[in-house]
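See below for the structure under consideration.
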Amino acid sequence: MSISTSSRTDELLSLARKRLILNFADHGALASTPFPVIDRGEGCYVIDTDGKRYIDGISGLFCSNLGHSHGRELGAAAAAQMDRLPFSTLWSYAHPKAIELADKVATLAPDGIEHVFFTSGGSESVEAAWKLARQYHALNGEPQRRKAIARKVAYHGTSLGALSFTGIPPYRHPFEPLAVPTHHVSNTRRYGHPLAADETAFTASLVSELEEAIEFEGPDQVAIFIAEPVQNAGGALPPPAGYWQAVIEVCHRHGILVVSDEVICAYGRLGEWFGGDRYDYVPDLISTAKGLTSAHFSMGALLVHERVAQPFLQGRGMYAHGITFGGHPVGCAVALANLHILEREAVLENVRANETYFRESLERLRAIPLVGDVRGAGYFWSLELVADAQSGAALPADDCDWLLKELLSDALLDRGLICRTDDRGDPCVQLAPPLVADRGVLDEIVSILEASLTEADAAYRNRARQP
Ligand SMILES: Cc1ncc(COP(=O)(O)O)c(C=O)c1O
């Protein structure tokens, strides 16, 4: 990579290599290659220690929904709360900010979702959903419901409970056997599917696979089905028409609770507050995090449907779960300020106003033979890469590694775009710009993609011609 390295950056890189264990990182490769050290942010951009600007095309990690220019206002909310009450728990006590935030989130949520349990992040929200579901079933006389159904290639977190639901074998294998017996069914990737042209038949085949999985595992043994409104890993996979409604019907017929994992999708990513607003469904539980504070505080929330909360609220049993920092007053103050800004600045409206424009701009990249599919919703998109878009031939594994990791990620970074080249499922370039991005930023993203993909395409064809 051709990032410049000043002496300050060199010092930081060497200290980072000495001290930091990075998330999901190839430390072997990073030992000899400079990587960006991000120092500050400005709107939809981040700037490294050498002053190089990048578009934050992935919103940090699908979480900096407001971008990077509201730190002062959110910081003031945090400072005021620290001055008043830096910490208090929700362990049989409460504090005003948690009460206000729970009320705000429940008011924004789909009808029937009335209760909120706070966590410190996404994996914790997913685990909180699992534990609540288990106890809900036990309180209803069904303690034997100990299994889950999730989807292939989906990412639901890495703590041991959440990892059980994650359907990415290399993340799971080192830690098996996992805590929750989980059956993984097909996700909603339509590209290349034999029923791709018939959406109704595609939905029906997915739902019938789910029903078969339920039958196989034992309908009275399954506690939850968990899935994202639009699945991230595998490349922004939206549901086909009727999918969520049919999934909920099947699950409820068998007494299974439906968890909509909206750690990425909630709070505006799809141009709506929640996935159910976009796709017209009401799940039993919604796990959220990231966008709740636009990443200005580490915080999540599990949202609970009235009927699922009732056994606990009526005192039939105690929800045997708690997290020291769940509902941290400073986090709640930041989250309230974040939601206020999202409303004041009509941020969701911005996403809705630009979604079609963004999609159409990305669609133009289909002219590059490497680009097989363009899919997503709101400000959450993926380009699936193939060897040849016309035939749909997949990229061979070796080429894929080289293309994504060596060529494309460097080309994009060099041109000043941080996005994600992902090979957890089929190879994709993932995009999730801050929800405040205007058409100028979206144009810049697409033009960097176009130049980088055109270059990668030429290099790929050149390589294929080599003996
Ligand atoms: C859908 C989904 N669920 C759960 C998680 C886990 O969240 P966290 O990394 O905050 O624990 C993620 C993280 O990206 C996610 O995308």
Handout entry: Selection within segment 124-156 - among the small types (Gly, Ala, Ser) and more than 16 Å from the ligand (Cβ to nearest atom)
Key = Ala138, Gly141
Handout entry: Filter result for Val304 (closer than 18 Å to Lys104 by Cβ, away from the ligand (no atom under 16 Å from the Cβ) and crowded, with 23+ Cβ neighbours inside 10 Å)
Key = yes
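Just give me the residues in segment 157-183 being in a helix (DSSP H, G or I) and either surrounded by fewer than 23 Cβ atoms within 10 Å (Cβ to Cβ) or away from the ligand (no atom under 15 Å from the Cβ) (or both), in sequence order.
Filtering segment 157-183 down to residues in a helix (DSSP H, G or I) leaves 160-165, 169-175.
If the condition is that a residue be in a helix (DSSP H, G or I) and either surrounded by fewer than 23 Cβ atoms within 10 Å (Cβ to Cβ) or away from the ligand (no atom under 15 Å from the Cβ) (or both), then Leu160, Gly161, Pro169, Pro170, Tyr171, Arg172, His173, Pro174, Phe175 are the ones that fit.
Just checking: which of the helices (runs of 4 or more DSSP H) contained wholly in segment 54-133 hold 2 or more residues that are among the basic types (Lys, Arg) and touching a helix residue (DSSP H, G or I) at 6+ places or on another chain (Cβ under 9 Å)?
Values: elements: 59-62, 71-84, 96-108.
Qualifying helices (runs of 4 or more DSSP H): 96-108.
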Practice task
Considering (1) touching a Leu at 6+ places or on another chain (Cβ under 6 Å); (2) buried (at least 19 other Cβ atoms within 10 Å of the Cβ); (3) within 27 Å of Trp130 (Cα to Cα); (4) not hydroxyl-bearing (Ser, Thr, Tyr), say which one Val351 fails and leave the rest.
Solution key: (3)
Practice task
Say whether the condition of being more than 27 Å from Ala353 (Cα to Cα) and assigned to a strand (DSSP E or B) is met by at least one residue in segment 402-419.
Solution key: no
Handout entry: Check on Asp103, more than 16 Å from the ligand (Cβ to nearest atom), free of Cβ contacts under 8 Å to residues at least 40 places away in the same chain and within 30 Å of Met318 (Cα to Cα)
Key = yes
Practice task
Determine if segment 319-332 includes at least one residue that is out of contact with any Phe, Trp or Tyr (no Cβ under 9 Å at 6 or more places or on another chain) and surrounded by fewer than 24 Cβ atoms within 10 Å (Cβ to Cβ).
Solution key: yes
Practice task
Can you work out which of the residues in segment 184-215 that are β-branched (Val, Ile, Thr) and farther than 18 Å from His252 by Cβ is surrounded by the most Cβ atoms within 10 Å (Cβ to Cβ)?
Solution key: Thr188
Problem - Of all residues in segment 21-40 being out of contact with any strand residue (DSSP E or B) (no Cβ under 7 Å at 6 or more places or on another chain) and surrounded by 13 or more Cβ atoms within 10 Å (Cβ to Cβ), the one that is nearest to Arg420 (Cα to Cα) - result: Phe35
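Kindly state which strands (runs of 3 or more DSSP E) lie completely within segment 213-295 and contain at least 1 residues that are within 13 Å of the ligand (Cβ to nearest atom) and farther than 16 Å from Ile113 by Cβ.
Values: elements: 222-227, 257-261, 285-288.
Those strands (runs of 3 or more DSSP E) span 222-227.
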Handout entry: Hey, Gly121 within 19 Å of Gly326 (Cα to Cα), within 15 Å of the ligand (Cβ to nearest atom) and in contact with an Asp or Glu (Cβ under 8 Å, 6 or more places away or on another chain) or not
Key = no
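Values quoted throughout were computed directly from the atomic coordinates according to the rules given, and no laboratory measurement underlies them. Please read these numbers as outputs of a predicted model, since none were measured by experiment. Positions of Cβ are backbone-derived with ideal geometry, glycine not excepted, and every protein chain shown enters the neighbour counts.
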